[in-house]
Amino acid sequence: MAKDIRYNWSDIVYFLEVARQKSLVRAAEKLRVDHTTVSRRIRELEKSLNTSLFSRTKSGFQLTETGTQLLQYAEGMEGHANAITEMIAGVEGAGAGGAVRIASMEGIGSLYLTKLFGAFHAQFPEVQIELITDYRMLDLSRREADIFISFFKPVGKRLSISKLGEFKVSLFASGDYLKRCGMPSSVAELEKHEFVDFIDELVHVQENRWLSDILRPHSTKFRSTSLLAQYMWASEGEGLAMLPSFVAANNADLVPVMPELCTVRDIWMSVHEDLLHIARIKAVTGFLEKNIARDRDFLMPG
């Protein structure tokens, strides 16, 4: 006969946060309790289950084999618990409400997605958007974000991943720069111009290496990890920049340069499977799908 194992369900909340944060202190900050409380609840859960769930290492709390197996069930419990509150909210007519954290890269987050959120707020006033612009692939399983918008197809367990669209990347320069230095009409003439690009060794997302898709310029006058900085550099008339369509569109003075030299990147949306049923998540994902599809011609200008 199997041993009758009893444990406190609420301890699972503490287990999940330590598994995601790999730190008692960070988990405590997320849960808004003292780290000693987190430590005590983890010990009580391990004692109740008569097993070790974490290995305490110099790099933090690492899941044991049993802990890794428990994580899958714990995330399922969390998903069902969230579903209960969403169901009650729906029954009582509350609809979508609460915060949704969206992670994206700087350019598309600041110069495209942000422009959409005004219309979203008018439609869903009870939903608060939190935007993180970061070059890293944030871990959705650790709830660093609810939704991730990227230029690459992420890889991860229990992720719902969909391609929302594409955007064009091509060369632009300001009118003043072109008056001063001339409009190039061939690749050979491009070599006489100044360029801006990312810093090679600090490019963490290979899909950002779009300039090398069409050209390896002889002279790069300025480099930056920031796409916004590159955009400003070109806007100030300092040279040519390879810019996404949604970035260049913010300055009418930026002129396409040899538009036939272009490349295309995908727009991917990722959501953890446990969040798909939540009303506010569905509101945001549905809105993004609809609007990015609507903006196809803007993102991929002829």
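Scanning the range 101-141 for residues that are farther than 26 Å from THR225 by Cα and either assigned by TED's automatic domain parsing to the domain that holds GLY79 or modelled with pLDDT under 80 (or both) gives a single hit, SER141.
Do we find that SER150 is hydroxyl-bearing (Ser, Thr, Tyr) and either more than 30 Å from GLY76 (Cβ to Cβ) or touching a Gly at 6+ places or on another chain (Cβ under 7 Å) (or both) in this structure? No. How many residues are among the small types (Gly, Ala, Ser) and assigned to a helix (DSSP H, G or I) if we restrict to the range 231-254? Final tally of qualifying residues: 4.
Filtering the range 51-63 to residues that are of a type in the set (Ser, Thr, Tyr) and more than 17 Å from ARG41 (Cβ to Cβ) leaves SER55, THR57, SER59. When every residue of the range 264-282 is checked against the conditions, at least one turns out to be closer than 30 Å to GLU189 by Cβ, of a type outside the set (A, V, I, L, M, F, W, C) and not in a helix (DSSP H, G or I).
Selection of the range 210-230 for residues being more than 12 Å from LEU171 (Cβ to Cβ), part of a loop (DSSP other than H, G, I, E, B) and either at pLDDT 90 or above or among the aliphatic types (A, V, I, L, M) (or both) yields SER224, THR225, SER226. Being among the small types (Gly, Ala, Ser) and touching a strand residue (DSSP E or B) at 6+ places or on another chain (Cβ under 8 Å): is that true of SER245 here? Yes: the conditions hold for SER245.
For every residue, the table says whether it meets (1) touching a Phe, Trp or Tyr at 6+ places or on another chain (Cβ under 9 Å); (2) among the hydrophobic types (A, V, I, L, M, F, W, C).
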| position | (1), (2) |
| --- | --- |
| THR225 | yes, no |
| GLY239 | yes, no |
| VAL255 | yes, yes |
| LEU261 | no, yes |
| TRP268 | yes, yes |
| GLU289 | no, no |
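Restrict the check to the range 194-208 and report whether at least one residue is of a type in the set (S, T, N, Q), without any contact (Cβ under 8 Å) to a residue 60 or more places away in the chain and in contact with a helix residue (DSSP H, G or I) (Cβ under 6 Å, 6 or more places away or on another chain). So far as the range 194-208 goes, no, none of its residues is of a type in the set (S, T, N, Q), without any contact (Cβ under 8 Å) to a residue 60 or more places away in the chain and in contact with a helix residue (DSSP H, G or I) (Cβ under 6 Å, 6 or more places away or on another chain). Listed by first and then second residue, the pairs with beta-carbon distance under 7 Å, at least 6 apart or on different chains, first residue in the range 168-191 and more than 23 Å from GLY107 (Cα to Cα) and in the same structural domain as GLU207 (by TED's automatic domain parsing), second in a helix (DSSP H, G or I) and among the hydrophobic types (A, V, I, L, M, F, W, C), are PRO184/LEU190.
The number of residues in the range 47-83 that are more than 15 Å from SER10 (Cβ to Cβ) and of a type in the set (Asp, Glu) comes to 2.
Within the range 244-280, restricting attention to residues that are β-branched (Val, Ile, Thr) and in contact with a Leu (Cβ under 8 Å, 6 or more places away or on another chain), the residue that is surrounded by the most Cβ atoms within 10 Å (Cβ to Cβ) is VAL247. Entry remark, the range 13-68: residues being part of a helix (DSSP H, G or I), among the hydrophobic types (A, V, I, L, M, F, W, C) and either closer than 20 Å to ALA81 by Cβ or touching a residue at least 12 places away in the same chain (Cβ under 8 Å) (or both) number 12 in total.
The set of residues in the range 266-292 being more than 28 Å from GLU78 (Cβ to Cβ) and either touching a strand residue (DSSP E or B) at 6+ places or on another chain (Cβ under 6 Å) or among the aliphatic types (A, V, I, L, M) (or both) consists of ASP266, ILE267, ILE292.
The values are calculated or read from the model by the stated rules, or taken from the named source; none is laboratory data. These figures come from a predicted structure and were not determined experimentally. Virtual Cβ from ideal backbone geometry, glycine too; neighbours counted across all protein chains shown.
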